[in-house]
Every structure is written in C-alpha cells, then in structure tokens.
C-alpha cells in the first residue's frame, strides 16, 4: 500500500471519539496519539517530525514527513489551533498536530458529511475494510496484497 493510501485509511471504530458540537450536533474525532501512531506506522519513528510555534495567539504545528526515506525529500504541512477549553495550551498543541495531520489525509474522511449516519454508524467506505475493498477495486488486487508499511 502506498503512503497516501495508508495515511488516508480510516481508523477502526474503537479509535473514534464523539462529542457534542455547536447546535448539539455529534462530532467525531481521533486523538493526537492516533495521528502519531499512524505516522509511525507509515513512516517509522524517524520518518516524521514536528516543530511548534506560537503565532498570533495560535499554536502552529509544522508536520514534516519523509516520503522516500531520503533526507532531501521532506514535505511539510502546517496548521494551527487555539488553546482548548479543556486542556489549555496542551490542547492547542494536540489540536494543531491533528489539523496538520488532516492536511496529509489522516482522518480527513471524518469531515465528510456522509461518512456516518445519524446513529454514528460509518458508511462502508469509512471503515478500514470498506476502504481497502474500494481501493482494491480502483487500483487492482496486487497493491492490496503488498505489506502496507
């Protein structure tokens, strides 16, 4: 499985967390540790790095990944977050990492309006197995049989 597919692969249901958002809507999310675990799985512990800066009242995470294992091929994505109401500055650090991870495709499917129904049940493509089947159909079986990481 290539890096992009591995990054975008949905998380198992036991990794998903839910909370009430504005207007009482249900919001689904993953934790910063889930993002770190996905980065470790795809790139190894030495294949990604972060750099944090506090700019304009926001914590900015610069998340860099090494797609090809060569020192000259680092790609960086950045995003920021305010301090959270629950964890203050630590929440801002975690949220900025999660937001930068979304720029690489990690958990981006969670924002799709049809990913979950009103009972919090995922669409088939929003599960690891359904995603794998869809990618197999699109790209052929030979890629699915490769080791993912």
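The table below gives the values:
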{"item": "Rough spin-label spacing in nm, given labels placed 7 Å along Cα→Cβ, for residue 6 and residue 67", "result": "1.4"}
{"item": "In range of the label at residue 136: residues from the range 1-33 whose backbone nitrogen is under 18 Å from the point 7 Å along Cα→Cβ", "result": "1-2, 5-6, 9-12"}
{"item": "Principal semi-axes in Å for the range 15-79 [√(5λ), Cα gyration tensor, largest first]", "result": "28, 17, 8"}
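Bear in mind these aren't lab numbers, they're just calculated from the coordinates by the rules spelled out. Bear in mind that the values here come from a model prediction, so they are computed numbers and not experimental data. Methodologically, a virtual Cβ is constructed for each residue, glycine included, from the backbone with ideal geometry; neighbour enumeration extends over all protein chains shown.
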